[in-house]
Structures are given as structure tokens and as C-alpha cells.
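The values are calculated or read from the model by the stated rules, or taken from the named source; none is laboratory data. These numbers were taken from a predicted model, which means no experiment stands behind them. Neighbour counts run over all protein chains shown; Cβ positions are idealised from the backbone, glycine included. These area figures cover heavy atoms from the full protein model, side chains too; ligands, DNA and RNA do not enter into them. Shrake-Rupley method; radii C 1.70, N 1.55, O 1.52, S 1.80 Å.
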Amino acid sequence: MLATTLRALSEAVSKIDIMYHHALLHNIFTMSIWYYNRDTRDALLDLIIRLSAVADQYLRECLQMLVNNFTPPGPLVSQMEKLVSDDKRKEIYSQLHESLKMISDTVPLAPRVLKDIINRSMPKLFDNKVKMVSFVECMLGLDTERLGDLIGTSLLEKVVDLLTELDVNITWEDILQEEHSKGIFEMELEDLAGDVDKFGQETEVLFGGNVCAEKLDGLMVVVCEHLKSCAEHGCLKREFDILKTIFRKGVLKVHKSKFAQFIMFYACSLDPEICGLDFALFLTDIFTKKEDDAIARMSAVSYVGSYLSRARFISADTVVAILKRLVDWCIDHCERQKKKHTRTKNPVEHQIFYASCQAVMYVLCFRLRSIMDYPNLKSQVFKMNIRSILMDPLEPLKVCLPSIVNEFLRQAKAARLFNASVDLELEDRIDSDLSKAFGGVNRLDMFFPFDPYLLKESDRRYIRPNFEFWSLVKTTYSDDEGDELGDFDAPGMNVDSLDDNFDVELNSDDDDIEYTMNKMSITPHRSFYHPMAMSGDSGLSMPARIRPSVSPPS
């Protein structure tokens, strides 16, 4: 009956008298298609399409009505899964997409008006999760063909903004279960237990009921599905280029971001040879070019170091090529400093240099052994003048994180990256009193943006299969000593924390190496940027698995 009435109204749209029935039109614009069957929905949407095309004054109202239907009405939101099947939801999205496409094809002004309406209708931080996920899923469905070309950039930018807003509103205490919540600088997760998945990593619900984390997890699933669909339809590169621009503008320098950046990680995993390589070069270009500010450059080198270490899909030759660029830049920096009459060792003044040195060592901690399997790549790494950087008067070994420095030196020694005399000189530099003082309070703490990902559903389905955990890394010394490092960042592991005052004897025999670091650290929690790091005599406690990222100053 309602469908018949709506069709009759559609036939009357061209007649001038329907335009005077304002009350009737108001009721139509407030209708929700979620309550009706397919036949009624078709009739209602046909009426909306006709109204938008014939009566220009109703274009905005018609588009607003369609956008309002991106999400189910209030009464359905709380019971969405029970009352609305997956098939019906996808059918409704498809009908809305087709209606908006038809309107944009017939009314040239429609895409611009639609863009404005979507901007105003975007979910807010405290909106219901079902409403938020439903809106974004339907909205991303518009990012195809002509509509995508017209408003695709705006759609993705709004989604990334929402992801980032949710992300920065999740504190590390929120992610932990209540009984494990500790102060942000004492957080340890190694006591959490869970099930072992097929990748050998234990899983655990870490949200503790945190609403923002659950919303973000749901949205990350939607965005990853969208990227997967783009890859299947051959348009991933276009989407990736848009995301790259958005990332540089809205994510790169957001140092409280813990998860939103993984949309780039997943996009790269879908096409490692093109997108994966492109992202590494993109980050390296930002770092090496002086046009960008110091914070952007330092963030970029942090990103590239973390990305090359964690992206399982990146080839060894790409890793070596990027490492060479980083090493070459460091060498140039040292040469420029030598030409100056006065040189300082202030970590802040040379923060980009120290961050780059740390990134090089961090990547080699993860990748050195795999590179050794390729003679040509091994030769390239051995030809890099890493020695000159580490032994430069700027003394990066005394500023970079001891956990990274010592793990790198240990692997370099086992791989014979340096000769014995160099080993002795490096040992002197790391074990000196200056090292303990200068590297203790004022050490360089660098955030690692691709630390282990803690959003359970999106991690399981999209991130984990492409992510390199430390437990899966083959070190250069593991053949001789066994896999003693274990998994420093996967859930459920129990490991002693690392103290600042450990000793490494690099000139001793392999059997006599005194090495107290059981696990390699990921992102630390103190920095010379943070005033609280200047007080207290306690050593740096390194986590078994995850630690909040400490970032360059913003």
C-alpha cells in the first residue's frame, strides 16, 4: 500500500502542485528506509531521486535524507545484529549508493552538496559504535567510479580524522584490563595469558571494556575491508596515493597515534612491490629532504625504521636500499659537522642524526640475519660505512637506546660486521661513564609507530599475518646460542625488565659473553624530552611486550 502511494507521488513530481505539500514532503524526508521491504524502499528512493532532479530547491533535503539512512534509526541501533541481517544491510547500502550515483549523474551540483552534507553528518567521538561503523561502511562504498573521483579524497580524509581522534583518546591505561592497569610508565603486559594462534602469538582481549578502543577496532575492520576491495578491483594504487597525502598531512606528526597508521601498513601489505616500496621511499624522502621541518623528518625516520623492521612483506633488497640512504645521510651529516669550528653533542641539536642512527641499528636488529642469506646484499651492507657513524665524535652509541645499541652490537659481532679492533673501540664507547650519564637521563628515546598492534579483531584479520614479531626473528647469534631472546612483544610472555646498568663484553669469547638483556626493547617510556626523566635514580625498565610510544616533541 505504501509503495503504491509513493509511486503515485513519483508520477506527480513533475506537476507543480506537489511542491506545495510541504508537510507531506517533510514526512518523506524524515522517513527511514530501514523499516521497509525492498519494494517499498525502491519506491521511496525513486521518489527522492525524482524530487532532487526536478525540484532544485529540494536537492539538499533529498541528499540529507539519503545520508541520514547511512545508519539505522535509533530503535534499531541497539539491536542491529538481531533485527537487521547482513544481507539486508548490504542491500540497503547498495540502494543508497545507486540512488546517490543517479542523482550525481543528473544534477551537476549534487557531488559538491553531498560532500558538505557528509562532512556535517560525520559520526562524533561519543556516538554509538554501531552508528559509527555503519555510517563509515556505507560512506566508503561511495568511493568508487565517478563519485569516488569527485569526493573520494574528502571521504578518506574524514575517515582518517575519525580514526585518529579515537586513537589519541585511548590511553594506555584504557587498553589494559582493569586488574592490570598501572601507571603509564610502569606498564607491563607480560603477565597476561591467552590462546596461542597459528602465528605462535598469544591473544588476549586488552580493551578492558574501553569504548574508544572497541569503536576504533570496528572502524579499522571497515577501512581494511575497503582497501582489500580496492585491491580486488584494481584501484588500490589510486586509494593508496590519496592515503599517502592524508597520512603526511594528518598522521605523520600525531605522536599519540598508536593504531591509525596501520591503515598504511595494511595497504602496503596488499601490494608490497608497488605500494610497499612506495611508502618506504616516501618516508625516506621526507627524512632526507631539508624542506620539511625537523619534527616531520624525525617522525619520518622513526616510521621508516619501524616499518622496515616490522613489515614481513618487505623484501631484503628494499631494506638494504633504504638503509644505504639512511647511512649515506648520516655520513654526510658527520662530514658537515667536521667542517664547523665548534661541535656540540647536544642530542636536541642533532636529534635527526641520532634518530637516523637508531633507526639503522633497529632495522638491522630485525633484518641482519636474513640479509646475510643473500651474498650480494650482505656485501652491500658490509660496504656501508656504519663504523664511521658509530665512532663519530657525536657518539651516537651514547645517545641511542642502550637496548637497541647492545642488541645491534651483539648481532654485528656475530655477523663479523666489524673487525676485532673496532669491537674494542665500540665497547669503550658504550661502557664509559659518560655513556651511563649521558645515555641514561639524556638518551634519545624514539617512538616506533608500528609497535605491536593491540586491537583484537582487526589485528587477527589484517595486521598479524603481515607483522614481524621479535620471537619470529632469526638473529645472527641464535644458531650458536639458541633462541634465547624469545618474544619481547607478543602477548603473554614473562621476562625480566632491562636495567640501564647492564654490561656487554664484546671482546670476550662467545661462550663468555656477559649479556643480561633477555628481550630486545620496543618503544621506551622515558626521554630527554620529558622533564620527569630528569628525576629519580632508578634504571630504565624495559617491557616484555608493549610500552607506550615516546615521541619527538611536538
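For region 250-293, name all the residues that are in contact (Cβ under 8 Å) with a residue 60 or more places away in the chain and open to solvent by 10 Å² or more (accessible area, probe 1.4 Å).
Of everything in region 250-293, those that are in contact (Cβ under 8 Å) with a residue 60 or more places away in the chain and open to solvent by 10 Å² or more (accessible area, probe 1.4 Å) turn out to be 250, 253, 254, 255, 256, 258, 266, 269.
Residue 436: basic (Lys, Arg), at pLDDT below 60 and open to solvent by 10 Å² or more (accessible area, probe 1.4 Å), yes or no?
It is true that residue 436 is basic (Lys, Arg), at pLDDT below 60 and open to solvent by 10 Å² or more (accessible area, probe 1.4 Å).
Looking at 331, 404, 322, which is the one that is in a helix (DSSP H, G or I) and open to solvent by 10 Å² or more (accessible area, probe 1.4 Å)?
After applying the criteria, what remains is 331.
Looking at (1) within 19 Å of residue 452 (Cα to Cα); (2) among the aromatic types (Phe, Trp, Tyr); (3) not in a loop (DSSP other than H, G, I, E, B), which one does residue 240 not meet, given that it meets all the others?
(1)
State whether the residues of region 392-399 include one that is buried (at least 24 other Cβ atoms within 10 Å of the Cβ), at pLDDT 90 or above and within 30 Å of residue 296 (Cα to Cα).
No, because not a single residue in region 392-399 is buried (at least 24 other Cβ atoms within 10 Å of the Cβ), at pLDDT 90 or above and within 30 Å of residue 296 (Cα to Cα).
All but one of (1) open to solvent by 10 Å² or more (accessible area, probe 1.4 Å); (2) hydrophobic (A, V, I, L, M, F, W, C); (3) modelled with pLDDT of 95 or more; (4) farther than 23 Å from residue 269 by Cα hold for residue 372; state the number of the condition that does not hold.
(3)
Between residues in region 298-325 that are within 17 Å of residue 263 (Cα to Cα) and residues that are polar (S, T, N, Q), which pairs lie under 6 Å by C-beta distance while being six or more apart or on different chains?
What qualifies is 304/284; 312/466; 313/269; 313/466.
Quick one: count up the residues across region 98-141 that are surrounded by 19 or more Cβ atoms within 10 Å (Cβ to Cβ) and in contact with a Gly (Cβ under 8 Å, 6 or more places away or on another chain).
The qualifying residues number 2.
For residues that are open to solvent by less than 50 Å² (accessible area, probe 1.4 Å) and under 18 Å from residue 307 (Cα atoms), tally how many sit in region 226-245.
3
What's the total number of residues in region 35-79 that are among the aromatic types (Phe, Trp, Tyr) and buried (at least 19 other Cβ atoms within 10 Å of the Cβ)?
Going through region 35-79 one residue at a time, the tally reaches 2.
Just need a number here: residues in region 85-134 that are closer than 26 Å to residue 50 by Cβ and of a type in the set (Asp, Glu).
Result for region 85-134: 4.
So how many residues does region 294-318 have that are part of a helix (DSSP H, G or I) and either of a type in the set (D, E, K, R) or open to solvent by less than 10 Å² (accessible area, probe 1.4 Å) (or both)?
Summing the residues that are part of a helix (DSSP H, G or I) and either of a type in the set (D, E, K, R) or open to solvent by less than 10 Å² (accessible area, probe 1.4 Å) (or both) in region 294-318 gives 16.
Checking residue 283 against (1) more than 28 Å from residue 231 (Cβ to Cβ); (2) out of contact with any Pro (no Cβ under 7 Å at 6 or more places or on another chain), which single condition isn't satisfied?
Residue 283 satisfies all of (1) more than 28 Å from residue 231 (Cβ to Cβ); (2) out of contact with any Pro (no Cβ under 7 Å at 6 or more places or on another chain) except (1).
Every residue in region 3-35 that is in contact with a helix residue (DSSP H, G or I) (Cβ under 7 Å, 6 or more places away or on another chain), part of a loop (DSSP other than H, G, I, E, B) and at pLDDT 75 or above, please.
31
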